[in-house]
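What follows is calculated from the coordinates using simple rules that are stated; it is not laboratory data. Predicted, not measured: the structure shown is a model, and the values here were computed from it. We place every Cβ from the backbone using ideal geometry, glycine too, and count neighbours over all the protein chains shown.
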Amino acid sequence: MVYQKSTSSSKHFLITGGAGFIGSHLAEALLESGQRVTVLDDLSTGRFENIAHLVGHPRFRFAIDSITNAVVLDRLASECHVIVHLAAAVGVQLIVERPVHTIETNIMGSEAVLQAAARYRAKVLIASTSEVYGKGVRVPFSEDDDVVLGPTSKSRWAYAASKMVDEFLALAYYREKGLPTIIARLFNTVGPRQRGRYGMVIPRFVSQALQGEPITVYGDGQQSRCFCDVSDVVRALMGLAEHPQAVGRVFNVGSTEEVSILELAQRVKAITGSDSPIEFIPYDQAYAPGFEDMRRRVPDTTRIRRLLDWEPRVSLDEILARVAASLAS
Ligand code: UDP
């Protein structure tokens with residue numbers, strides 16, 4: 001099946017990594033808003049189950065392939081108006097365990113997507129990450145802040161560095177070649193379909209609580225994060241992809257409701273009615289010796305709020321209830 005670029009108001013989106021957690025929710029929301037969607041995913045961390053319910057939809061198409069397949073990527077890019085580039089190596093655990101894969105997937109993947117987009121003048125929205133703020137301690141983080149990364153001897157920072165290269169490259173394509181590119185720096189995003197296998201704390205805590213296993217808090221649990229529901233993140237991505245003034249700019253996307261990891265464990269216990277004990281695990285044991293964690297990670301969301309009037313709508317308790325419902329079913 002070949003889709004041509006049409007001149008009607010409905011747009012054709014290509015979502016790389018569209019069978020993943022965020023991509024599958026985005027695909028669903030775009031279809032609901034009348035757009036056409038092609039998902040390109042090699043199912044390395046994405047899962048067919050995430051998009052199985054979309055297969056057969058007249059405006060949906062799925063290609064199982066890697067973004068490094070230049071022929072496939074070229075064809076798909078030629079047919080779409082907007083590429084949302086979500087295909088990346090994600091999750092702190094994966095990054096520590098497979099640094100070569102992480103660096104190569106992130107940098108080469110984005111390079112391939114930008115090159116293909118440039119041939120057909122497709123708009124590109126690149127999903128970046130709050131990891132690029134590195135060890136910064138001055139919160140909230142705003143888009144133009146300086147960044148401080150740890151040494152190259154610590155694998156964790158390879159992820160931040162690789163995503164920074166992606167951002168530089170996307171901005172370079174905009175400045176030098178006039179390609180419309182947008183960067184969304186996603187902070188901790190959660191919701192149904194996210195799995196704890198690659199380290200993500202909320203699905204891990206919720207499954208531990210549901211199974212009555214110890215809830216594993218790393219370090220002293222005083223580190224904090226802000227968790228944003230995937231539906232809010234998807235709304236932000238769609239708004240950015242649509243807005244002409246988003247082009248050539250970087251946007252933080254995340255919640256500002258800050259919670260310590262220990263408090264999160266307690267809230268998960270309360271919401272699931274679990275009597276799992278809370279177990280503290282030293283970082284060295286949880287990840288790798290010398291692992292460095294961020295103490296706080298809070299976005300300054302002024303920029304996206306001003307442009308789109310965007311704010312998260314789903315509270316942390318509601319997020320936990322939704323994740324618990326999806327994992328219990
Ligand atoms: N974490 C934890 N227990 C777990 C998994 C994660 O205490 O079983 C902590 C982790 O060390 C970090 C926070 O929860 O401080 C968020 O971890 P996640 O991997 O979800 O995202 P990050 O913010 O590190 O990218």
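Going by Cα centres, region 62-76 and region 119-170 are how many Å apart?
25 Å
Please report the antiparallel percentage of the DSSP beta bridges confined to the chain, to the nearest 5.
Just about 10 percent of them are antiparallel.
Only helical DSSP H runs with n ≥ 4 go in: add -39500 (n - 2.57) per run for the chain, normalise by residue count and round the 222 nm mean residue ellipticity to 500 deg cm²/dmol.
Helix contribution divided over all residues of the chain: -12500 deg cm²/dmol.
Go ahead and run the numbers for FRET between Val259 and Glu176, Cβ-Cβ distance against an R0 of 30 Å, rounding to 0.05.
The pair Val259/Glu176 has a calculated efficiency of 0.15.
May I ask you to sort Asp74, Asp300, Asp275 by Cβ crowding, counting other Cβ atoms within 10 Å and putting the fewest first?
Asp275, Asp74, Asp300
State, to one decimal in nm, how far the label point of Leu210 lies from the label point of Arg195, with both points 7 Å from Cα in the Cβ direction.
1.4 nm
At a threshold of 8 angstrom on Cα-Cα distance, excluding pairs fewer than six apart, so keeping six or more, what relative contact order does the chain reach in percent?
It comes to 17 percent, rounded to a whole number.
Quick check on region 250-329: take the gyration tensor over C-alpha atoms, sort the square-rooted eigenvalues as a ≥ b ≥ c, and tell me if it's rounded (a/c under 1.5), prolate or oblate.
Cα axes put region 250-329 in the oblate bin.
As I understand it, the value is the acute angle between the Cα axis of helix 156-177 and the longest principal axis of the Cα atoms of the chain; what does it come to in degrees, rounded to 10?
With both axes taken from Cα atoms, the answer is about 20 degrees.
Mind counting lysine pairs for me in the chain? Cα separation below 25 Å, and the two need to be 8 or more apart along the chain or on different chains.
Final tally of qualifying lysine pairs is 10.
Round to the nearest 10 and give me the degree value, 0 to 90, for the angle of helix 21-32's Cα axis relative to the longest principal axis of the chain.
50 degrees
At Arg267 and Ser329, where each label point lies 7 Å from the Cα along Cα→Cβ, what is the point-to-point distance in nanometres?
2.2 nm
Between 0 and 90 degrees, rounded to the nearest ten: what's the tilt of helix 230-242 against the longest Cα principal axis of the chain?
30 degrees
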